[in-house]
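**Q** So that we are looking at the same thing, I have put the structure below in structure tokens.
The values are calculated or read from the model by the stated rules, or taken from the named source; none is laboratory data. The shown structure was predicted, so the numbers you read here are calculated from the model rather than taken from an experiment. Here Cβ is always computed from backbone atoms with ideal geometry, including for glycine, and neighbour counts include all displayed protein chains.
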Amino acid sequence: MMGRKGADTPFNCRYYSGVELGRTTISCSLQMTDAIRCGIVAIIGCLVLLAAGGAWAQERRAPSRLLPLETLWTTPLPAAPAEAPVYEADHVFVPLRDGQVAAVNLADGEVVWQMPQDMVGRPAAGDALLFVATSDELRALDIATGLARWSIPLEAPLSAPLVWNTGWLIAALDTQTLLALRAETGETIWRRDMDGGIHVAPSLAGDRMYVSLDNGGIVALALMSGDSVWEQRLEGAPAEILPLDDLFVGAADNHFYCLSELDGTIKWRKRTGGDVVGLPAVDEKRVYFTSLDNMLRALNRTNGVQQWRQTLTARPTAGPSHTGGLLVLGGLSQDLRFFDPVDGVPYGDISAPSELAFPPTSISTPADGPVLITVTGDGRLRALGRATGPSQRDLATLTFPGAKTDFDTATDDAQPVGGGTADTTTATVSAPVDGGTTDPTTATPAVPAAVDIESGVSPTERQTVGGEYAIQVAALIDGASATALLGRLIEQGYAAYVLEPRPGEEPSLYRVRIGDFPNRSAAEAVGRQVEDDQDVEWFVVLLP
């Protein structure tokens with residue numbers, strides 16, 4: 001069995017949901033005791049077999065390196081980074097250990113300006129301003145020039161990162177005081193003394209602000225006045241809150257919570273093997289989070305039932321984020337790891353030049369701009385964007401059995417091959433994050449005839465055998481690159497084809513697959529052969 005931890009593999013069977021049950025007392029006869037004992041042994045045996053199958057699957061499934069991302073630019077910074085980058089409009093800002101802040105152009109990586117700032121904590125950006133704090137002052141800098149637009153005194157240092165949101169600037173002080181300011185002018189709208197320390201960034205949504213306290217408290221405040229709306233107490237200090245139709249938050253009590261945004265009542269909670277780290281991510285169906293047991297988990301948003309989990313190779317330092325329909329994570333290592341949000345399958349990884357200093361920063365920009373910013377401990381700032389793929393030589397026109405039209409493989413806007421029906425459903429996310437991808441399986445397309453790339457002569461047609469399994473060898477953003485790989489596979493005699501991108505998919509991916517096979521073993525045998533012939537990654541997919 002291939003290591004695809006999807007719904008068709010035993011590893012993903014939800015034989016434990018994390019629901020906590022109370023103890024009960026059972027009284028029974030000796031015969032009943034023997035029967036119960038036998039039943040328990042049988043159940044344990046089944047669990048062992050399931051776990052063994054999952055471990056085997058995980059061992060067999062190597063991460064793909066076929067990612068539709070490429071490096072757009074790399075900039076050596078004047079000094080090592082002191083805090084994670086933030087961005088606003090077309091600039092990214094990096095606090096440096098030499099006491100300066102550097103503004104870098106997102107388009108080309110050029111350092112636009114550097115300004116000395118005795119900065120404390122991570123800055124915030126919005127309204128064309130960069131907000132920075134010293135130990136006794138809060139300043140707003142013009143993002144174009146770095147010059148100060150306003151400054152106000154602070155009675156104490158910050159205890160949590162600054163938060164900007166639609167004209168509001170929120171500052172938490174280590175005196176347990178919360179300030180709500182007008183971002184444009186620095187005017188104080190209200191201030192409130194809290195009942196505990198604030199060490200994670202407050203969250204704003206609608207007319208509410210949600211504050212996590214280090215004593216386990218969560219407080220909902222009216223954004224306009226700072227008045228308390230409700231309070232909830234958890235068993236451990238809560239992390240940053242993701243406020244949607246419900247509130248999602250992890251805590252230092254080895255639990256992940258879903259709270260009602262109306263009154264803070266606990267709708268459900270999920271036990272983990274370690275404290276939950278950072279802010280979760282969400283799409284229409286699932287919520288994703290990491291914990292210090294080195295796990296990435298996906299839960300059903302409605303009821304908290306575990307959909308899948310994936311072991312991480314490095315200790316997480318933040319929650320996951322969405323990039324191009326994938327989940328991305330970066331921890332204390334050189335690697336960025338990408339996962340399919342549908343089933344948790346590793347989608348690939350990208351190595352940084354050296355160990356990452358902070359988790360990656362996801363960027364929402366036009367399609368041709370950066371989507372991820374990373375910075376290493378030695379001060380190398382790198383932008384990753386959607387790959388365009390290398391230029392390819394012209395290929396002969398491919399002819400398909402029963403096809404009415406051909407397409408010109410030399411044009412960039414050529415229609416991809418494939419008779420399969422794409423999934424037309426798209427996720428509607430109820431929060432400002434990318435939606436997850438839909439199930440990657442599609443209907444079996446017609447299998448094209450093999451083509452001699454040099455002469456254009458069609459050798460004997462390779463017939464489909466009919467079956468439930470196929471092999472995916474690539475998911476490329478460039479149609480010409482997919483067509484070139486298709487030609488090489490067909491030249492080798494493989495029944496290859498390309499599935500066109502799904503409507504609304506971002507980024508648009510051309511999936512290169514081989515055949516349909518009657519069973520998984522037959523598909524794996526061909527997969528191993530194509531790996532030797534073409535030096536490509538592959539995995540088995542279940543066809544509908």
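**Q** For segment 121-138, does any single residue satisfy the condition of being among the basic types (Lys, Arg) and touching a residue at least 40 places away in the same chain (Cβ under 8 Å)?
**A** yes
**Q** Now, a different point. Between Ile198, Ile152, Ile170, Ile143, which is surrounded by 15 or more Cβ atoms within 10 Å (Cβ to Cβ), aliphatic (A, V, I, L, M) and over 33 Å from the mean Cα position of the chain (by Cα)?
**A** On the way: Ile198 fails: over 33 Å from the mean Cα position of the chain (by Cα); Ile170 fails: over 33 Å from the mean Cα position of the chain (by Cα); Ile143 fails: over 33 Å from the mean Cα position of the chain (by Cα).
The match here is Ile152.
**Q** For segment 191-234, how many residues meet the condition of being over 19 Å from Val249 (Cα atoms) and of a type in the set (A, V, I, L, M)?
**A** Going through segment 191-234 one residue at a time, the tally reaches 4.
**Q** Another question about this same structure. Would you list the strands (runs of 3 or more DSSP E) that sit entirely within segment 309-414 and hold 3 or more residues that are at pLDDT 90 or above and under 29 Å from Ala89 (Cα atoms)?
**A** Working: elements: 321-323, 326-330, 335-339, 346-351, 370-375, 380-386.
Once the strands (runs of 3 or more DSSP E) in segment 309-414 are filtered for at least 3 residues that are at pLDDT 90 or above and under 29 Å from Ala89 (Cα atoms), what remains is 326-330, 335-339, 370-375, 380-386.
**Q** Further, regarding this structure: Restricting attention to segment 298-355, which residues are closer than 30 Å to Ser260 by Cα and acidic (Asp, Glu)?
**A** Residues satisfying the conditions are Asp340, Asp343.
**Q** Of the residues that make up segment 235-249, is at least one more than 22 Å from the chain's Cα centre (by Cα) and not small (Gly, Ala, Ser)?
**A** Restricting attention to segment 235-249, the residues satisfying the condition of being more than 22 Å from the chain's Cα centre (by Cα) are 235-237.
After this cut, where a residue has to be not small (Gly, Ala, Ser) as well, the list is 235.
Scanning segment 235-249, I find at least one residue that is more than 22 Å from the chain's Cα centre (by Cα) and not small (Gly, Ala, Ser), so the answer is yes.
**Q** Has segment 214-231 got any residue that is under 30 Å from Leu69 (Cβ atoms) and among the small types (Gly, Ala, Ser)?
**A** no
**Q** If Glu110 satisfies all but one of (1) surrounded by fewer than 20 Cβ atoms within 10 Å (Cβ to Cβ); (2) touching a residue at least 40 places away in the same chain (Cβ under 8 Å); (3) under 29 Å from the mean Cα position of the chain (by Cα), what's the number of the condition it fails?
**A** (2)
**Q** At least 3 residues that are closer than 21 Å to Pro123 by Cβ, hydrophobic (A, V, I, L, M, F, W, C) and at pLDDT 95 or above in each: list the strands (runs of 3 or more DSSP E) lying fully within segment 163-229 that qualify. Spell out the reasoning first.
**A** Details: elements: 163-165, 168-172, 177-182, 188-193, 203-205, 208-212, 217-222.
The qualifying strands (runs of 3 or more DSSP E) are 168-172, 177-182.
**Q** Something else about it: In segment 280-321, which residues are under 18 Å from Ile241 (Cβ atoms), surrounded by fewer than 23 Cβ atoms within 10 Å (Cβ to Cβ) and not assigned by TED's automatic domain parsing to the domain that holds His255?
**A** Within segment 280-321, Ala318, Ser321 meet the criteria.
**Q** Within the group Ala133, Ala128, which residue is among the small types (Gly, Ala, Ser) and over 17 Å from Pro81 (Cα atoms)?
**A** Result of the check over Ala133, Ala128: Ala128.
**Q** Of the residues Gly527, Gly487, Gly493, Gly515, which is at pLDDT 80 or above and part of a strand (DSSP E or B)? Before the answer, list the steps.
**A** Values: Gly527 fails: part of a strand (DSSP E or B); Gly487 fails: part of a strand (DSSP E or B); Gly493 fails: part of a strand (DSSP E or B).
The match here is Gly515.
**Q** From the list Pro95, Pro123, exactly one residue is crowded, with 22+ Cβ neighbours inside 10 Å and within 19 Å of Arg382 (Cβ to Cβ). Which is it?
**A** On inspection, the qualifying residue turns out to be Pro95.
**Q** Which pairs have Cβ atoms under 7 Å, sit 6 or more apart or on different chains, and link a residue in segment 302-317 that is among the aromatic types (Phe, Trp, Tyr) to one that is surrounded by 16 or more Cβ atoms within 10 Å (Cβ to Cβ)?
**A** Trp308/Lys5; Trp308/Asn12; Trp308/Ala298; Trp308/Asp343; Trp308/Gly344
**Q** While we're on this one: Conditions first: (1) hydrophobic (A, V, I, L, M, F, W, C); (2) more than 18 Å from Asp246 (Cβ to Cβ); (3) surrounded by 14 or more Cβ atoms within 10 Å (Cβ to Cβ). Val211 passes all but one, so which condition is the exception?
**A** (2)
**Q** When you scan segment 496-510, do you find a residue that is assigned to a strand (DSSP E or B) and either within 19 Å of Asp343 (Cα to Cα) or among the small types (Gly, Ala, Ser) (or both), even just one?
**A** yes
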